[in-house]
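Just so it is clear, none of the values below were taken in a lab; they were calculated from the coordinates. The structure presented is a predicted model; accordingly, all values stated were derived computationally and were not measured. Please note: Cβ atoms are built from the backbone with ideal geometry, for glycine as well, and neighbour counts cover all protein chains shown.
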Amino acid sequence: MVVVKETLERELKLSAGSEFELPELGGEAVEPRSFDSTYHDTRDHRLGRHGVTLRHRVENRKGLWQLKLPQGDARLELEVRGTSAAPPDELLSLLPAYLRGGSLVPLARLRTRRTGIRAQGAEIVHDEVTILDKGRDPRSFEELEVELLEGDEKSLRKIEKALRRAGATDGETRPKIFQALDLTFEPVEVAHDGSAGGTLAAELRRQYERLLAHDPG
C-alpha cells in the first residue's frame, strides 16, 4: 500500500543579505542537510504558472516525490516514497486539470545545503542552492525560509521582524524552478475588457481557478 504523507505548509521566504546574521531566537539547531531535487513540469510551465510544484528529492540515497498545491495563503504538500523513474499515480491523479494534456519532463536539478534552527514554534532555515545544469557552470542562490510548525500568523510575523532587523530582505518571489531556469514568472491572471461578456468570462475563470485549487483531479 502506497503511503501519502500530507502537510499543510505555512511559510515565509526571505533573502539573506550580505549583512545578515541569524539572531538569537532560542530553540535548538537542526541537523544540517544536503539533498538534490529534480523539478518536473511541462515545457511551457503549466504547473508552475498555477503555483504547483512537483519534484523528486534524493537525500541519503532515499528518493521521495513531493507535490505542493496552493491552499489559500498556505500550500498542501503531499509526499510519496519512490524512485525517480516516474511520478507515482497517487500524485499524477491530481494534475490533469493543470496539465491539460501536456507531458511532464524533468526541467531542472538543484542541490541544497540546509542549516537552521527550531525556535518559537517554527523551523528557520538557511538554504544554499546550486543549480546543476549540464554543460553550464553551476549557478547558485540563497534563501531564508520560515515554516510554522505550530502557532499562527502573528507568530510568523514576529519571527519575520526579528530576521529583518538582523539583515534579511524581501525574498525572491519566483518559484525555485523559475529561478533555476532564469525565467520571468507570469502567474495565471484573471483579466477582462470591462464589457459584460468580459466580466462574465473573468468570473468564470476565477471560479475555474478556485476549483483547481480545491479539486485539481
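Data table
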item: Chain lengthening between E11 and R157 when straightened (0.36 nm per residue, less Cα-Cα); result: 51.5 nm
item: Euclidean distance of C-alpha centroids, segment 120-150 and segment 88-112, integer Å; result: 21
item: Neighbour net charge for V80 - beta-carbon separation under 9 angstrom, K R +1, D E -1; result: 0
item: Estimated FRET transfer efficiency (L25, S140; beta-carbon r; R0 30 Å; 0.05); result: 0.70
item: Theoretical gain in end-to-end length, T130 to E59 [0.36 nm per residue, Cα-Cα removed]; result: 24.0 nm
item: Over 26 Å between alpha carbons, listed pairs K5/K158; K13/K68; K62/K154; K5/K161; result: K5/K158; K62/K154; K5/K161
item: Highest average packing first - 57-63, 154-160, 127-133, 36-42, Cβ atoms within 10 Å; result: 36-42, 127-133, 154-160, 57-63
item: If the convex hull is drawn through the Cα atoms of segment 1-90, its volume per residue in Å³; result: 170
item: Cleavage-rule hits (trypsin sites (Lys or Arg not before Pro)) in segment 98-137: DSSP loop, at most 15 neighbouring Cβ within 10 angstrom; result: R100, K134, R136
item: Spin-label model distance (nm) - T173 vs Q71, 7 Å beyond Cα toward Cβ; result: 2.5
